[in-house]
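Colleague: Pasting a structure here, questions to come.
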Amino acid sequence: MQLSLPSVEKEQIIELAKNLRKPEGEFGLEVASGMNQGNREMNLNALKILNPQSTDKILEIGMGNGAFVSNILEHHEEIHYTGIDYSELMVEESIKMNQKWIDLARADFTHGDIDDLPFDDNSFSAIFTVNTLYFWNDPIKTLEELKRVLRNSGRLLISFRPKENMAKIPVTKYNFNLYSLKEVEELMAKAGFSNIRSNQFQESPLDFDGILIEKESLVVTGIN
Ligand SMILES: C[S@@+](CC[C@H](N)C(=O)[O-])C[C@H]1O[C@@H](n2cnc3c(N)ncnc32)[C@H](O)[C@@H]1O
């Protein structure tokens, strides 16, 4: 027998799904701060793999409110960071949170879509994105756009939670596209990335309304 959710709860879950995809308004602010807590370990693990270098010009797509930008820029004095997000609210929040880096001309934030990036070809030495893959409409088209703005031999890093775990979370029924590790590795190879490598991180489990969900994050990297 299939259990259906009470309708009020279902509406709340749909609202949460919308705001995870694109945070907007008061609830969007709450969701963004919740993501900072729930995805902290995952973001820091992704940055360990990114391993920013002094000469890096880094692009992050879907940085939310930009809570982890300092963790990148503190590495070396010369790294430059650009963040792009299609939520205007998240761009505004990122600017507020990172004003000191903007004043030092080490960070900038832009409003825009991953599928139509407002950057020249070969602009960045590294691109990364955490928890946005679920919202890509056409992954190969998106990967081609990332390849375009990535320099030759630049690295792309995609961090996500695998479908085996995500499928247990009710919110992912609403407009999320879920992937296994193998599927993402195959997509990267199909889009023409080479040296594809993966890392897996186990985090403390998430208690989602009494359902304990394994929190595992994956990082897939490839070279342009
Ligand atoms: C689930 S949140 C993840 C935020 C943060 N990276 C994290 O891991 O906590 C997804 C973010 O990506 C942004 N986003 C989703 N699809 C996007 C797209 N097509 N182009 C640009 N940003 C996008 C959303 O606005 C949101 O800020």
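The values are calculated or read from the model by the stated rules, or taken from the named source; none is laboratory data. This structure is a prediction, so every number in the text was calculated from the model and none was measured. Please note: Cβ atoms are built from the backbone with ideal geometry, for glycine as well, and neighbour counts cover all protein chains shown. Areas reflect the complete protein model, heavy atoms only, side chains present, ligands, DNA and RNA absent. Shrake-Rupley method; radii C 1.70, N 1.55, O 1.52, S 1.80 Å.
Colleague: I'm trying to understand the selection: among the residues of the range 35-70, which are assigned to a helix (DSSP H, G or I) and within 9 Å of the ligand (Cβ to nearest atom)?
Modeller: Met35, Asn36, Gly38, Arg40, Met42, Asn43, Ala46 - these are the residues of the range 35-70 that are assigned to a helix (DSSP H, G or I) and within 9 Å of the ligand (Cβ to nearest atom).
Colleague: Can I ask one more? Taking the stated definitions as given, is Leu29 closer than 18 Å to Phe160 by Cβ and in a helix (DSSP H, G or I)?
Modeller: No; evaluated as a whole, the condition is false for this residue.
Colleague: Let me ask another. Could you please find all residues in the range 71-96 being more than 16 Å from Ile61 (Cβ to Cβ), more than 16 Å from the ligand (Cβ to nearest atom) and open to solvent by 10 Å² or more (accessible area, probe 1.4 Å)?
Modeller: Within the range 71-96, Glu74, His75, His76, Glu77, Glu78 qualify.
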